[in-house]
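Beneath this line is the structure, given in structure tokens, with notes to follow.
Every read-out reported here was derived from the displayed coordinates using simple, explicitly stated rules and does not represent laboratory data. Note that the structure is a prediction, hence the values are computed from the model and not measured. A quick note on method: Cβ atoms are made from the backbone with ideal geometry, for glycine too, and the neighbour counts reach across all protein chains shown.
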Amino acid sequence: MTYVVTENCIKCKYTDCVEVCPVDCFYEGANMLVIHPDECIDCGVCVPECPAEAIVSDTEPAATDQWLELNRTYADLWPNIIARKPALPDADAQNGRQGKLDEFSTEPATQNDIDTKHEESVSG
Ligand code: SF4
Ligand code: F3S
């Protein structure tokens with residue numbers, strides 16, 4: 001069993017979830033995080049922390065095969081994230097918007113992304 005990050009994380013990436021994970025099993029893409037299914041210990045503490053309600057248990061219908069596969073795939077490709085940072089600049093407007101899967105980025109987060117986002121969120 002594992003927990004999985006689903007569509008509403010895309011373009012929000014609040015990162016509150018990483019602060020509470022006891023095993024640091026979140027991985028960071030350009031516009032979404034994923035959970036490594038082999039590292040997650042099913043504690044569930046990240047679920048209420050997510051302002052986008054994007055994290056679900058794999059026992060729930062929202063954890064479709066598509067999301068399970070996406071989390072597994074990108075957890076192996078993206079860098080680990082262990083500390084909270086500013087959400088994406090447009091996060092509150094993107095929270096709850098439908099159809100975000102089409103805008104999912106396969107790119108890993110880069111240091112450059114992180115600095116740019118931070119500046120935008122500070123100045124914007
Ligand atoms: Fe981490 Fe627990 Fe959430 Fe799994 S359920 S990702 S172990 S906080
Ligand atoms: Fe994404 Fe929610 Fe974490 S929006 S980054 S799963 S707090």
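By average Cβ neighbour count within 10 Å, what is the ranking of 27-38, 87-98 from highest down?
Details: 27-38: 21.8, 87-98: 15.5.
Going from most to least packed, we get 27-38, 87-98.
What net charge do the residues around Asn95 carry, taking every other residue with its C-beta under 15 Å from that of Asn95, with Lys and Arg at +1 and Asp and Glu at -1? That sum, taken over residues with Cβ under 15 Å, equals -3. In this Cβ point-charge picture (+1 for Lys and Arg, -1 for Asp and Glu), the chain has a dipole of about 200 debye about its Cα centre.
The listed peptides 14-21, 64-71, ordered by packing as a protection proxy, come out as 14-21, 64-71 (highest mean of other Cβ atoms within 10 Å first). Distance between the 7 Å Cα→Cβ label points at Glu103 and Met1: 3.4 nm. Just to confirm a number: summing +1 for Lys and Arg and -1 for Asp and Glu over residues other than Glu69 whose beta-carbon lies under 13 angstrom from that of Glu69, what do you get? Summing Lys/Arg as +1 and Asp/Glu as -1 gives -2. Short to long, the 10 Å bins of the Cα pair-distance histogram for the range 38-80 hold 24, 57, 19 percent of all pairs. Taken over the C-alpha atoms, the chain has Rg and Dmax values of 13.2, 41 angstrom.
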